[in-house]
Amino acid sequence: MGSPTPHKLPIIDFTKEKLEPGSESWLKACKDATLALEEYGCFVAEYDKVPLALHDAVFKSLEELFDLPTATKIQNKSSKPLYGYVGQIPIVPLYESLGIDYANTHVGLQSFTKVMWPNGNDCFSEPLLSFSKSAVELEQMVVRMVFESYGLEKYYESHLDSATYLCRVMKYRRPQVNETNMGFPSHTDKSFMTILHQNQVDGLEIKAKDGEWFGVHELSPSSFVVMAGDAIMAWSNERIHSPHHRVTMNREKARYSLAQFSFMEGIVQTPEELVDAEHPQRFKPFDHLDLLQFYSTGNNRYLESAIRTYCGV
């Protein structure tokens, strides 16, 4: 018997100008995106709304941000669990990140920027705002495709009304001699959906359903990883897969990335149309921020599936 085919994430083209709802290319992308989210929980989107100049400006801004003193960066605080600064943690020494709430709004980005640079910093905030708005557009397109694939378009508008966006900017420094190369350990996202974008330093690894880990390689500046979070897995009654993923650092260079998370205000629940004899209900309705609170308490972050423990049936 030959060896099994190595896993590779599907690549779906979102650059087509004719990706209009109802068009042939839209319907094909709907099918491909939903199948990829069911099989892998993620896929690579080729997306041309972030031109190369913006991509470069964003990562230049991130280098400037992470070069700030730690005393400044730890001022990134939030009343929402897991929304603020994360870093200086002995078990993940390579990792550092900051959270920008409402990153797709001028107000959200300005309030973050003013904490880091009291006199403001348009060279940071303007590229980040443009990037975040484009990432939201991509996320909303994918969510709409999923809702349409399941015949649940009627829920899309109310979903949009309750969605908010957190942009988490991340740096993984290169490991020193005798230091672990684990950038970040295996976990699932607690979001509804995540849009990931990186500089040209690989490191992201996905766990396939058969237990195999595989790397996501050679992403171009126009490539985005679209990843399902635990909330859409619960919403879809487990049709969509929320994948375990991690970051491993094997390169000489630092890795910078951005993850745009969508979180729902209020209650997330599985539509009755997705519950039947073949698919009995797997999750009780839950409050999305309460799920984050549960996950961030005690040792709950080490659970195999925090959402199943929190609201599984």
Please state which one of 224, 283 is touching a helix residue (DSSP H, G or I) at 6+ places or on another chain (Cβ under 9 Å), within 22 Å of residue 158 (Cβ to Cβ) and among the aromatic types (Phe, Trp, Tyr). 283
Could you tell me which residue of region 160-172 is nearest to residue 97 (Cα to Cα), considering only residues that are touching a Lys or Arg at 6+ places or on another chain (Cβ under 9 Å) and not aromatic (Phe, Trp, Tyr)? 170
Quick check on residue 283: is it among the aromatic types (Phe, Trp, Tyr), modelled with pLDDT of 95 or more and either surrounded by fewer than 16 Cβ atoms within 10 Å (Cβ to Cβ) or over 27 Å from residue 16 (Cα atoms) (or both)? yes
Which listed residue is out of contact with any helix residue (DSSP H, G or I) (no Cβ under 7 Å at 6 or more places or on another chain) and exposed (fewer than 13 other Cβ atoms within 10 Å of the Cβ), from 238, 265, 278: 278
Evaluation of residue 270 against (1) without any contact (Cβ under 8 Å) to a residue 60 or more places away in the chain; (2) closer than 17 Å to residue 188 by Cβ (one fails), failing number: (2)
Restricting the search to region 84-95, which residues are surrounded by fewer than 20 Cβ atoms within 10 Å (Cβ to Cβ) and either touching a residue at least 40 places away in the same chain (Cβ under 8 Å) or hydrophobic (A, V, I, L, M, F, W, C) (or both)? 86, 89, 91, 92, 93
The listed residue being modelled with pLDDT under 95 and outside any helix (DSSP H, G or I), out of 168, 174: 174
From the residues in region 177-223 that are in a strand (DSSP E or B) and among the β-branched types (Val, Ile, Thr), which one is surrounded by the fewest Cβ atoms within 10 Å (Cβ to Cβ)? 206
Would you point out which residue out of 27, 52, 62, 9 is in contact (Cβ under 8 Å) with a residue 24 or more places away in the chain and either out of contact with any strand residue (DSSP E or B) (no Cβ under 7 Å at 6 or more places or on another chain) or of a type in the set (S, T, N, Q) (or both)? 52
Right, residue 142: touching a strand residue (DSSP E or B) at 6+ places or on another chain (Cβ under 8 Å) and part of a helix (DSSP H, G or I) or not? yes
Meets criteria (under 17 Å from the mean Cα position of the chain (by Cα) and not charged (D, E, K, R)) for residue 57: no
Out of 247, 216, 225, 201, which single residue is modelled with pLDDT under 95 and in contact with a strand residue (DSSP E or B) (Cβ under 9 Å, 6 or more places away or on another chain)? 201
Residues that are crowded, with 17+ Cβ neighbours inside 10 Å and among the hydroxyl-bearing types (Ser, Thr, Tyr): does region 67-80 have at least one? no
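The values are calculated or read from the model by the stated rules, or taken from the named source; none is laboratory data. The model shown is predicted, which means the values in this text are computed figures rather than measured ones. Reconstructed Cβ throughout: ideal geometry from the backbone, glycine too, with neighbour counts over all protein chains shown.
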